[in-house]
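For reference, the structure is listed below as structure tokens.
The values are calculated or read from the model by the stated rules, or taken from the named source; none is laboratory data. Bear in mind that the values here come from a model prediction, so they are computed numbers and not experimental data. Positions of Cβ are backbone-derived with ideal geometry, glycine not excepted, and every protein chain shown enters the neighbour counts.
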Amino acid sequence: AVPGSPQDAETIRSLFPATCDEKRVDFVSGPSAAPEGRKPLKVGVVLSGGQAPGGHNVIAGIYDGIKNYHRDSTMVGFLDGPHGIMHGNFVEITSKIMDGFRNTGGFDMLGSGRHKIETEEQIADSMYVCNTIGLHGLVVIGGDDSNTNGAILAEHFKQKGCMTKVIGAPKTIDGDLKCPPHIPISFGFD
């Protein structure tokens, strides 16, 4: 767990030495056809924390993106928040499931939870699950606590050589999770 609320770059760098200086990735529009030679991706998503409008469409955007990347890419959704990651409770998100939730509010496709991934055992269990199901990526959709979980997992996974890359999708109904110019406002805040 991260003690307190580190505010300065050196403290953050000391807590996350493997991931602190990772390059930012920007997504831009590209050709509609995927280049030859790409291999399918397997990506997991988790809804974490309180519900917010737009959660299903974040999942839909990721789903569409990986399918555009390679038509055989797959997505799994962890059930009931971080608890699902730690215990391997997930479902494959098919086009039929996705189409049933596209443009609907809430987090009820997968459920959510406020569990924290804090202990070494919980972190190791989460990595075991991600390795076992062969995830290339894990997207944590949630607020500040949820993205702290994601940062801790990303650091541990990188230090241990796990192939799963962890990405945080910031969400809050309070409008208190932003970092201009990169995150001018999170989804879920009107």
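Observations on the model:
- Look at (1) at pLDDT 95 or above; (2) at negative phi and you find that S146 fails only one, number (1).
- Selection status of D174, assigned to a helix (DSSP H, G or I) and modelled with pLDDT under 90: no
- Failed criterion for I141 (all others in (1) assigned to a strand (DSSP E or B); (2) surrounded by fewer than 19 Cβ atoms within 10 Å (Cβ to Cβ) hold): (2)
- Selection status of G44, under 14 Å from V140 (Cα atoms) and either at pLDDT 80 or above or in a helix (DSSP H, G or I) (or both): yes
- Criterion: more than 17 Å from V139 (Cα to Cα), modelled with pLDDT of 95 or more and not in a loop (DSSP other than H, G, I, E, B) - qualifying residue of I59, I85, I97: I97
- Which listed residue is within 17 Å of L135 (Cα to Cα), within 16 Å of the chain's Cα centre (by Cα) and not basic (K, R), from G65, G55: G65
This table checks each residue for (1) over 22 Å from A18 (Cα atoms); (2) β-branched (V, I, T).
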position: H56; (1), (2): yes, no
position: I66; (1), (2): yes, yes
position: V76; (1), (2): yes, yes
position: G105; (1), (2): yes, no
position: N131; (1), (2): no, no
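- Across region 2-24, the qualifying residues are those that are assigned to a loop (DSSP other than H, G, I, E, B), of a type in the set (A, V, I, L, M, F, W, C) and at pLDDT 70 or above, and the one among them that is farthest from A169 (Cα to Cα) is A18.
- Pairs where the first residue, in region 115-144, is over 24 Å from K171 (Cβ atoms) and in contact (Cβ under 8 Å) with a residue 12 or more places away in the chain and the second is among the polar types (S, T, N, Q) and crowded, with 17+ Cβ neighbours inside 10 Å, C-beta under 9 Å, 6+ apart: N131/T164; G134/T164
- Taken over region 154-163, the residue count meeting the criterion of being in contact with a Leu (Cβ under 9 Å, 6 or more places away or on another chain) and in contact (Cβ under 8 Å) with a residue 60 or more places away in the chain is 2.
- Meets criteria (touching a Ser or Thr at 6+ places or on another chain (Cβ under 6 Å) and part of a helix (DSSP H, G or I)) for I66: yes
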